[in-house]
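Every number in this text was worked out from the coordinates using simple rules, so none of it is lab data. This one's a predicted model, so the numbers in the text were calculated from it and none came from an experiment. Because the Cβ atoms are built from the backbone with ideal geometry, glycine has one as well, and the counts that use them run over all protein chains shown.
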Amino acid sequence: MIIEDVVTALKADPAVSGYVRDRMTAFSTDSTDDGIVFNFSPQTDDKISRVDKLEIMIISKSVARVYEIHEAVKNVLLTLGDDPFNDTILGVEINGGGVLENLKTGTYHHTTYYYLRSKV
């Protein structure tokens, strides 16, 4: 499954796992520790290829840290040119995102939208 491939790759990379340890969760969290929250949704499918949107939100009490984690995640996920991510995922690109501060929790939230092209 596509999302499992992505989560496995992120958790296996020392640069990412060193920041988030095992705090990578789907949909939401109530923790204010450094971590990653993700959401995965299909966008297009023509029975030959598909595009899925992976929303990754990085949470930290340090704005510098969210950017460090963002760069580490980006280095794992983005593909260069025609190089595939793996045998199923043909390419990964970013299309949008931004940073917000939650004043109640004192955390920064860096959201990035990754689009994954893959074989069906």
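The magnitude of the dipole of the chain, with charges of +1 and -1 set on the Cβ of Lys/Arg and Asp/Glu and taken from the Cα centre, is near 220 debye. Between 0 and 90 degrees, the angle of helix 2-12 with respect to the longest Cα principal axis of the chain falls at about 50 degrees.
Every helix of 4 or more DSSP H residues in the chain counts as -39500 (n - 2.57), and over all residues that averages to -8500 deg cm²/dmol at 222 nm.
Between D33 and I3, the FRET efficiency estimated from the beta carbon spacing at R0 = 22 angstrom works out to 0.45.
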